[in-house]
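The values are calculated or read from the model by the stated rules, or taken from the named source; none is laboratory data. All figures in this text were calculated on a predicted structure; none of them were measured in a lab. No Cβ is skipped: glycine too gets one built from the backbone with ideal geometry, and neighbour counts run over all protein chains shown. All accessible areas refer to the heavy atoms of the entire protein, side chains included, with ligands and DNA or RNA removed. Shrake-Rupley method; radii C 1.70, N 1.55, O 1.52, S 1.80 Å.
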Amino acid sequence: MSGLFGTLNISKSGMFTQQRCIDVTSHNIANANTEGYSRQRAELQTTKPFPMPSVNNAVGPGQLGTGVQVVTIDRIRDSFLDYQIRVEKGVDGQYKGRDKFLSQIENILNEPSDTGLSKDIGNFFDAWNTLGTNAKESNSRSIVAQNTVTLTTDLNHTYNELEKLKENTQTVIKDDVFDINSKLKQVDQLNREIIQVRIAGNNPNDLMDRRDLLLDQLSEKFGISVDRKQFEGENVTTSDDAKAKDIGDDGRPPLAADGTTNLNLVQANFPDQACRFSYVDSIQPAGGQKAGEAGKYTLTYYKNGDKTSNDNAVTITVDIQDSTDKNGVKTTAADKFKQLNQCRVLWADNSGVALNVDTSAKSQGIVAGNLPAGSSIKFENLKLFQPPSGEIKGYMSVQKDIDTYEGQLNKFAKALAFAVNGIVSQENGAIADVTSGDNVVEVNNFFVNADAQKKGAYTGTNLTKIEEAEADITAGNITINQAILDDPMKIKTAAKYDGNNRPLTGESDGSRAVAVETLRDSLMAVQNIDQDNSTKTKKADFLDGIFELNSKIGVNTIINKTGGMTLDSYFKDTVDRLGIQEQEAKKTVTNQASLLAGFTQSRDSVSGVSLDEEMANLVQFQHCYQANAKLISTVDQLLDVVINGLKK
């Protein structure tokens, strides 16, 4: 249509279009401080011109415009910047998680300080030095006993605090698993809504912003990979799952595929068959073995990490055994137990039931089904979640560090017990305390296993039990023999004793005490105790080759071991390692904060709302609106002339 009415329609379309632009600008301004919001922009396009060239209209001045329209309202977003930020958020979350708990480990060890274990170790050896020169003084013996109690109590306390911290870490992992599953459910729902809106031909900008915000938050928890599909649908999986693909595209269920198992957490196709995570709450030996030994274990996991109801608890049996892979690499049951204990997160189906994967050479990694209550499975068939980055990985790695520090404290405690017991008893093998009725008349074990002492293992005649009890000494159970606490005069200090446990070399002979004091500078293979995690080192093995007679003082002492370490330096190395790890975590957190700030600023420059820019746009749209209104007013006047003026 041409003429005044055509001009009127053009101006009307201009007013409506500018009104829509003002609406978009208003929406941007209203959400300037909304987290995750991406600014929007109305895309304008001319309407269909009039007339179109045709057979009946081959000659003319050309097409005549008919106005303007809003064809789409787009959000301004850079997907590459989203990818970079999510990768760095994963690294940031990982080291923030490590920093959070490594700093607590530092507080537990409390080194260097005047009240830490290093001070206790020094006081322990100082007391033995005093006893060596004042053997007949009861006060010197009491000081040895009390300083030993202080050392063992602090060792026990440190070990128990590390155990509590490990439990706290597992609780945080459980909370994160529940939070992750909740966010995945929200992303899945948004994914469905976005696809529906896109199929209808509209742009679900605000829904996509909410989904991207959730994905940013998930990337802090674990490394994610996002694969864009049709109609703006997205598949979400872990960033290290290179084989994950949308198996649903060919119509087959994602959990029954060939060669590559789909482990998508959110799926555009077959969304109800996406995976989730479940949390392992407890792992208990089922065959009477000790934790970490080969055998069957009763494992209880909670579907989707939800412990609010016992109905979510699922108990299965897991068989953990030593194994050797095709390359000859041996993995012990202890290593597998630690891996399961440190991980605590299982891949599960959409309902939270843990997955069972096929480990045969032909079907490596294919999901073979799930693990409902009562299932029995080999460890290798469990699908453990091992994230490439994020808070979850940080918490899992901290648990590994805690196990390492506990192991080092255990080695320290065991080496101290073996060396001191060997010198005090002058025997390199197991030896019992001598009893008369209910009285211990001869103490041969200075350090004992507190748990075994309660059962009377050190006062019996079964040397095998004593050997086992000594081999099971840890930082958590090491203590001084109760008989010495009851009577410190039973501490053996002289070189030789008669059949009635009286010193042949006089009450003032402190040869054994001097030998114990020299342990301060003795090099021992502390680091090699229980190194293979399959068998426990015995006192005879530890003292083999380093327990010899010292002719100067007339007693067997510890000689230096090539490649060995002193007890004090071994403990200090443990503290130094912790300090380096915590320093690395803090440094990485600082660097990541700077890096993320740069990426975030870049994304904000693209997607963020600038109030100055929006106000400038608003003025522009306002003037355009007014100009179109003026045109309508002018056309109205012209029509008035044409219609009413012709009457005259």
**OP:** Just need a number here: residues in the stretch 13-37 that are crowded, with 17+ Cβ neighbours inside 10 Å and aromatic (Phe, Trp, Tyr).
**Re:** 1
Original post:
Lys630 is checked against (1) of a type outside the set (A, V, I, L, M); (2) in the same structural domain as Val526 (by the TED database); (3) more than 52 Å from the chain's Cα centre (by Cα) and fails just one. What number does that condition carry?
Top reply: (2)
**OP:** Identify, from the list Thr634, Thr588, the residue that is touching a residue at least 24 places away in the same chain (Cβ under 8 Å) and polar (S, T, N, Q).
**Re:** Thr588
**OP:** Identify, from the list Tyr297, Tyr301, the residue that is open to solvent by less than 60 Å² (accessible area, probe 1.4 Å) and within 30 Å of Lys183 (Cβ to Cβ).
**Re:** Tyr301
Subject >> Where Ala135 falls short, out of the listed (1) touching a residue at least 40 places away in the same chain (Cβ under 8 Å); (2) closer than 30 Å to Arg210 by Cβ; (3) not in a helix (DSSP H, G or I) >> reply: (2)
Original post:
Ile473: modelled with pLDDT of 90 or more and over 37 Å from the mean Cα position of the chain (by Cα), yes or no?
Top reply: no
Original post:
Which pairs have Cβ atoms under 9 Å, sit 6 or more apart or on different chains, and link a residue in the stretch 61-85 that is open to solvent by 50 Å² or more (accessible area, probe 1.4 Å) to one that is part of a loop (DSSP other than H, G, I, E, B) and of a type in the set (Ser, Thr, Tyr)?
Top reply: Leu64/Ser2; Gln69/Thr47; Arg77/Ser38
Subject >> Search result, residues across the stretch 481-518 that are over 15 Å from Asp433 (Cβ atoms), outside any helix (DSSP H, G or I) and open to solvent by less than 20 Å² (accessible area, probe 1.4 Å) >> reply: Thr493, Ala494, Ala495, Gly510
**OP:** Mind listing just one residue for me: the one in the stretch 211-235 that is basic (Lys, Arg) and crowded, with 18+ Cβ neighbours inside 10 Å and, of those, farthest from Val24 (Cα to Cα)?
**Re:** Lys221
**OP:** Can you work out which of the residues in the stretch 303-329 that are closer than 18 Å to Gln170 by Cα and small (Gly, Ala, Ser) is farthest from the chain's Cα centre (by Cα)?
**Re:** Ala313
Subject >> the stretch 548-560, residues that are in a strand (DSSP E or B), open to solvent by 30 Å² or more (accessible area, probe 1.4 Å) and closer than 14 Å to Val516 by Cβ >> reply: Asn550, Asn556
Subject >> Options Gln196, Gln170; residue that is open to solvent by 50 Å² or more (accessible area, probe 1.4 Å), of a type outside the set (A, V, I, L, M, F, W, C), in a helix (DSSP H, G or I) and not assigned by the TED database to the domain that holds Arg520 >> reply: Gln196
